[in-house]
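The next block holds one structure in the form of structure tokens; read it before the comments.
The values are calculated or read from the model by the stated rules, or taken from the named source; none is laboratory data. Model, not experiment: these values are computed from the prediction. Don't worry about glycine lacking a Cβ; one is built from the backbone with ideal geometry, like all the others, and counts go over all protein chains shown. The protein model used for the area step is the full one, side chains on, heavy atoms only, and it has no ligands, DNA or RNA in it. Shrake-Rupley method; radii C 1.70, N 1.55, O 1.52, S 1.80 Å.
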Amino acid sequence: DAGITQSPRHKVTETGTPVTLRCHQTENHRYMYWYRQDPGHGLRLIHYSYGVKDTDKGEVSDGYSVSRSKTEDFLLTLESATSSQTSVYFCAISPQGAGGANVLTFGAGSRLTVL
Amino acid sequence: RKEVEQDPGPFNVPEGATVAFNCTYSNSASQSFFWYRQDCRKEPKLLMSVYSSGNEDGRFTAQLNRASQYISLLIRDSKLSDSATYLCVVNSGNQAGTALIFGKGTTLSVSS
């Protein structure tokens, strides 16, 4: 299996608190992504990174920020968690970008509940 | 916006059955297509890419119909272990992969 781990795997927090999810990869892939998955929706892109310190917004970026200070780590921060951010968050990696024939490899997911 | 649509199912089939899923997409400029499999409470994993000429991997066959803008997945001789949700994924040509659109998934349940 690809070396991609997410932490924490489960978290319960309260509205208004900051939360940081971590994605760590050992594959040296250039591209990293954060998705959220909710019932009734397909996976939706939050933010992505195409290199160290190079990040950009996805479809549902409001309320989220990211940082990538090292190739292997991509952090997702919820600045002030809201109940609408209760979701399962997946990190994914791709060597050259998930366009064309390149595919995504996903982490095991982080299940976040905001009370 | 419904750029990628799948029948959510569930499809309930007995072992050994043949089952087919379709997925329609709205962007005619879409360039690459995939089927991912997602087990309950697990991450999605690539099942197969879908090529213009159609492709087969064991019991699984994927086909693309650009004229009608749909892709299909055929599973022959279904196994209990095929029970999962199958996600259709369409890329509208962005190399960074930020234009990947995921369908909501089709759930398959194979019973003995």
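Table for the structure above
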item	result
Residue count for region B:56-98, restricted to those that are open to solvent by 20 Å² or more (accessible area, probe 1.4 Å), within 12 Å of another protein chain (Cβ to nearest Cβ) and at pLDDT below 95	5
Scan of region B:20-32 for residues that are surrounded by fewer than 18 Cβ atoms within 10 Å (Cβ to Cβ) and either more than 10 Å from every other protein chain (Cβ to nearest Cβ) or in contact with a Cys (Cβ under 8 Å, 6 or more places away or on another chain) (or both), ordered by number	B:Ala20, B:Asn22, B:Ser26, B:Asn27, B:Ser28, B:Ala29
Test: residue in region B:33-53 that is touching a Gly at 6+ places or on another chain (Cβ under 7 Å), under 18 Å from A:Val103 (Cα atoms) and within 12 Å of chain A (Cβ to nearest Cβ)	yes
Any hit, region A:70-82, residues being within 11 Å of another protein chain (Cβ to nearest Cβ), of a type outside the set (Lys, Arg) and either closer than 29 Å to B:Glu5 by Cα or touching a helix residue (DSSP H, G or I) at 6+ places or on another chain (Cβ under 6 Å) (or both)	no
Exclusive hit being in contact (Cβ under 8 Å) with a residue 24 or more places away in the chain and open to solvent by less than 60 Å² (accessible area, probe 1.4 Å), set B:Ser109, B:Ser49	B:Ser109
Failed condition for B:Glu15, given (1) out of contact with any Phe, Trp or Tyr (no Cβ under 9 Å at 6 or more places or on another chain); (2) open to solvent by less than 80 Å² (accessible area, probe 1.4 Å)	(2)
Every residue from region A:10-40 that is under 17 Å from A:Ser110 (Cα atoms) and open to solvent by 80 Å² or more (accessible area, probe 1.4 Å)	A:His10, A:Val12, A:Glu14, A:Pro18, A:Arg22, A:Pro39
Qualifying residue in region A:72-86 (condition: among the β-branched types (Val, Ile, Thr) and open to solvent by less than 10 Å² (accessible area, probe 1.4 Å))	no
